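Everything on this sheet refers to the single structure shown next.
Laboratory data are not the source of any read-out in this text; all were calculated from the coordinates shown. Being a predicted model, the structure only gives us computed values, none of them experimental. Note that each Cβ is placed from the backbone with ideal geometry, even for glycine, and that neighbours are counted across all protein chains shown.
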Amino acid sequence: MKLVTRSEDPPSSTPSEPDAGTAGSISTPLDVRNAALTVLAGLALVAFVQYAQAVLIPIVLGILISYAVDPLVAWLARRRIPRPIGAAVVLILLVGACGSAIYSLRFEATTLVEQLPQAARRVRHQLESGRPTTAVAIEKVQKAANELQKAADAAATPPPPPSGVTRVQIEQPPFNIGDYILWGSISVATAAGQALLIVFLVYFLLSSGDLYKRKLVKIVGPSLTRKKVTVQILDEIDRQIETFLEVQVLTSALVAAATWLSFRMVGMEQAAVWGILAGIFNSIPYFGPVLVTGGVAVAAFLQFGTIQMTLFVSGLALAITSLEGLLLTPWLTSRATRMNAVAVFVGLLFWGWVWSVWGMLLAVPMLVVLKTICDHVEDFKPIGELLGE
């Protein structure tokens, strides 16, 4: 028996509208062609960024350095010093300070490199004297590997050549250290050339002042309202980026100084070098402190030879970076530039894959720039919301 319900209204040829109160269904139009084009454009952009890293990395570094140094040049400009002269003075002082710091630490860095063979011998001595069973096991494994290699060589022995044919064997050239020295010299010369290009780029950006800001305001159109809104957005972006970079430089300097003083108090060798490394890698969230702590642990074990001092020194380095990351940076950084941990971690993985070490160093500043722009551009606000806390 069937129950037929007759509708009071006549059937309509158009589909009925979804009930506004119905939960669990969101209707969004999807254009497959536009989505495919967007994905392809994104992949092409990533490939271009990875391919052109030799050009893009100096440009990004130059822009970030100019943002960090611009307050000093602006302060000199308010004292009626022209921006080209002020920019030259600030850059000369900055390059001179960096060069003198590197020159003063050359002996400690050389000593650290010269201690590497001795460190390897100490590690081998510790393995042989402290854990004889491990050494015996390693020796047995090595003997087994040698026997397997002999069996493989015997099985792969080529048949004797036919009569009248002379076997020819191609010998590999011996190790030539000159090739490696030449490669290292070329790398150093390339790095020096890129550093010089970055200095010139920073100078041009600082001396131009608000040239590109005025050009962007001119591009948006003749409307006075749009010009005013554009100026407000650009000023806010400048303020957020400068604040972040100033906080980053300050916290890295504090971490470097605290690490240096702490290591000197406990008698750690090359304390200044480890302090500078801690300050540089402090700009890499999560991975930077772990790398520094691991390196410090190895150096402390090789110097002191005890597990207690190794744990103490490495724990000291980790405590300094942890206090800075958990207390100082959140207190100094405004909420507008704070990002959630997932976004920062994914950004580190992505830029580390694209630009290797430079990508990990520049990932957070570029994410801050992206978030600041997205927060002030209406169409990109969802991306800023995903990046923020």
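Using amide H atoms built in the peptide plane, which far-off residues or other-chain residues are under 5 Å from residue 388 H to H?
Sorted by chain and number, the residues that satisfy this are 340.
What does the charge count near residue 237 come to, summing +1 for each Lys or Arg and -1 for each Asp or Glu among other residues with Cβ under 12 Å from its Cβ?
Computed value for this residue: -2.
Rounded to a whole number, what is D in µm²/s for the stretch 184-244 from Stokes-Einstein with the Kirkwood radius over alpha-carbon pairs (37 °C, 0.692 mPa s)?
D = 231 µm²/s.
Could you give me the ³J(HN,Hα) list for the stretch 273-281, computed from phi with Karplus coefficients 6.51, -1.76, 1.60 and θ = phi - 60°, whole Hz, x at Gly and Pro?
5, 5, x, 5, 4, 5, x, 5, 6
Hey, got the dipole for the stretch 241-383? About the Cα centre, +1 on K and R Cβ, -1 on D and E Cβ, debye to the nearest 20?
Dipole magnitude for the stretch 241-383 comes out near 220 debye.
How big is the equivalent ellipsoid of the stretch 259-383 along its three axes, where each semi-axis is √(5λ) from the Cα gyration tensor, reported in whole Å from largest to smallest?
34, 15, 11
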